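The values are calculated or read from the model by the stated rules, or taken from the named source; none is laboratory data. Predicted model, so just to flag it, every value in this text is computed and none were measured. Note that each Cβ is placed from the backbone with ideal geometry, even for glycine, and that neighbours are counted across all protein chains shown.
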Amino acid sequence: MTTTKLIALKTLTATAVLCALTSTTYAANLADTDISYGGYVKLDMMWSDYSSGVPDGNSVGRDFYVPGTTPVGPDIDNDAVFDMHARQSRFKFATATKLDNGQSINTHIEIDFLASAPGGNERVTNSYAPRIRQAFVSYDGWLLGQAWSNFQNVGALPETLDFIGPAEGTVFVRQAQARYSTGNWSFSIENPESTITTQGGARVVTDDASMPDFTARYAHKANWGEFVVTGLARQLTYKKNGLDADETSFGISASGSVKLGENNLKFMLTQGKGLGRYVGVNAANGAVLNDNELDAIDSTSGFIAYQQHWNNQWRSTFLYSFFLADNNENLFTVSGDPTKTSQSYSANLLYSPVKKLTFGVEFKHAEREVESGSDGDMQRLQFSAKYAF
C-alpha cells in the first residue's frame, strides 16, 4: 500500500547539500546509500450505529474496528455517532547501503498516529503523538528490530478502508524480534507478553516470561499466488501476588492469496491454544487464572476476502471474518463474561482517478457475543480519502 520514492545520493548537487548540513566525511559515506521515503495521508469519516450502547469517545474502537470494544447487552435506542480523523496517516523512511563485500544493509523506520495518546484534544488542536510502527535493520538474511510478527502474513490482508479489515479473523502483531530467513523459510524469537484473566474477568497484562516467543514460517510463491503456513510456540505466565504459574501456548496459521486475472481471493485460518493477543486484536485473553494454575483458552479464527476490479479505476472488496473462543464453562465464575464469538461482514467501493489517489466508501456489520449469551452489533458506514506518496 505504501508508495516509495527513491533518491540516489550520488549527484554533485545532493552531495553539496549534504556537505553543507553535515561533515564532508559523512556525506562521502552516503554516496553508497540510497535513501527512500514514502507513506500516505488519509482522512477517515465514520458513521457508527451500536445496538447496545455507544463506546466512550476515547475508545480505540471509535477510530477503527476492534472486535472486543463492541458493546453487548439489551438493545438501546441510540442515535448513531459520527467520528472523523486523519490519524492513520503514515510516514516511512528507509536506507539501503552497499557494502564492500557486495551485500547490502538496510534500515526501515515507520510511524503513524493511531492508538496514541493525544497531545491536545478534539475541541481545539486534535494533536496526537506519533507512534513507532516498525524500526529494524536487515542484513544477510537477518532482521533485527521491531516489525510484523513472523507468525503473521501481511500479504494476506485485503484492501479495506478500515485500518485492519478482518480484525477478528487475522493474526495482527508488531513487536521486537530477531528473525532469520533462508529460502522459503524464516524463524524468529519475539518479545513475550501474556494477557491473563483473573478473578471476576479482569485482564492482567504480564511480562514475566523467561523465554521469548518462537515462530516458524514457510512461504510458497507461484504464478497463481502465495500460500503461507506459520507456527507459534510461547510461554504464558502469571507471577504476581505470590503466585508463579505458567502454561505452554501454541498455534498454527494458514493463509494466502489466489490471483484470478485482475481480481484476487485472500484468506486466513488460525487455530491454537492460548493465542490471546496474537489474534482478533486480543479479543480473548491467553489464559484464565484458576487457583494456582493457568487454563489456556483455545480459539479458531479466519477470514475470506474477494476483490473485484470493475475497471482500471474502480474496485471492490467483499469480506467475511470470524473469531470463536472455546472458553472453559467450568471457569465461568472466575473468567467473568468473556467473548465467545465475533464476526463481521463488509463491502466497499474504491475509486482511483489517478494511481496514487483513492476515494472510497465501505459498509461494515459486526456482531459480538459473550459466554452468557448477551450480544450486540455495530453497523458502520465509512468514507475515506487517501493519497500515497
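Remarks
- Verdict on Ser181 being in a strand (DSSP E or B) and either of a type outside the set (A, V, I, L, M, F, W, C) or modelled with pLDDT under 95 (or both): yes
- Some residue of segment 257-270 being surrounded by fewer than 20 Cβ atoms within 10 Å (Cβ to Cβ), modelled with pLDDT under 95 and among the charged types (D, E, K, R): no
- Residue in segment 196-242 that is surrounded by the fewest Cβ atoms within 10 Å (Cβ to Cβ), counting only those that are part of a strand (DSSP E or B) and among the aromatic types (Phe, Trp, Tyr): Tyr218
- Odd one out for Arg87, checked against (1) in a strand (DSSP E or B); (2) within 17 Å of the chain's Cα centre (by Cα): (1)
- Per the listing Asp83, Asp56, Asp63, Asp112, the residue uniquely surrounded by 14 or more Cβ atoms within 10 Å (Cβ to Cβ) and in contact with a helix residue (DSSP H, G or I) (Cβ under 9 Å, 6 or more places away or on another chain) is Asp83.
- Filter result for Gly165 (assigned to a loop (DSSP other than H, G, I, E, B), among the small types (Gly, Ala, Ser) and either within 22 Å of Gly251 (Cα to Cα) or touching a Leu at 6+ places or on another chain (Cβ under 8 Å) (or both)): yes
- Answer from Ala305, Ala325, Ala366 - the residue that is more than 30 Å from Asp295 (Cβ to Cβ), in a strand (DSSP E or B), touching a residue at least 12 places away in the same chain (Cβ under 8 Å) and within 21 Å of the chain's Cα centre (by Cα): Ala305
- Across segment 271-302, the qualifying residues are those that are modelled with pLDDT of 95 or more, part of a loop (DSSP other than H, G, I, E, B) and not aliphatic (A, V, I, L, M), and the one among them that is farthest from Val60 (Cα to Cα) is Gly274.
- Residues satisfying the stated conditions in segment 328-363, i.e. more than 22 Å from Phe303 (Cβ to Cβ), of a type in the set (A, V, I, L, M, F, W, C) and assigned to a strand (DSSP E or B): Val354, Leu357, Phe359
- Only a single criterion out of (1) more than 22 Å from Asn330 (Cα to Cα); (2) in contact with a strand residue (DSSP E or B) (Cβ under 8 Å, 6 or more places away or on another chain) is not satisfied by Lys273, namely (1).
- Tally of residues being over 21 Å from the mean Cα position of the chain (by Cα) and assigned to a strand (DSSP E or B) across segment 96-137: 6
- Subset of segment 283-297 that is surrounded by 24 or more Cβ atoms within 10 Å (Cβ to Cβ) and among the small types (Gly, Ala, Ser) - its residue that is farthest from Val173 (Cα to Cα): Ala287
- Search result, residues across segment 345-371 that are aromatic (Phe, Trp, Tyr) and either buried (at least 19 other Cβ atoms within 10 Å of the Cβ) or farther than 17 Å from Asp44 by Cβ (or both): Tyr345
- Search result, residues across segment 91-107 that are under 20 Å from Leu143 (Cβ atoms), buried (at least 16 other Cβ atoms within 10 Å of the Cβ) and either in contact (Cβ under 8 Å) with a residue 40 or more places away in the chain or of a type in the set (D, E, K, R) (or both): Lys92, Ala94, Thr95, Ala96, Thr97
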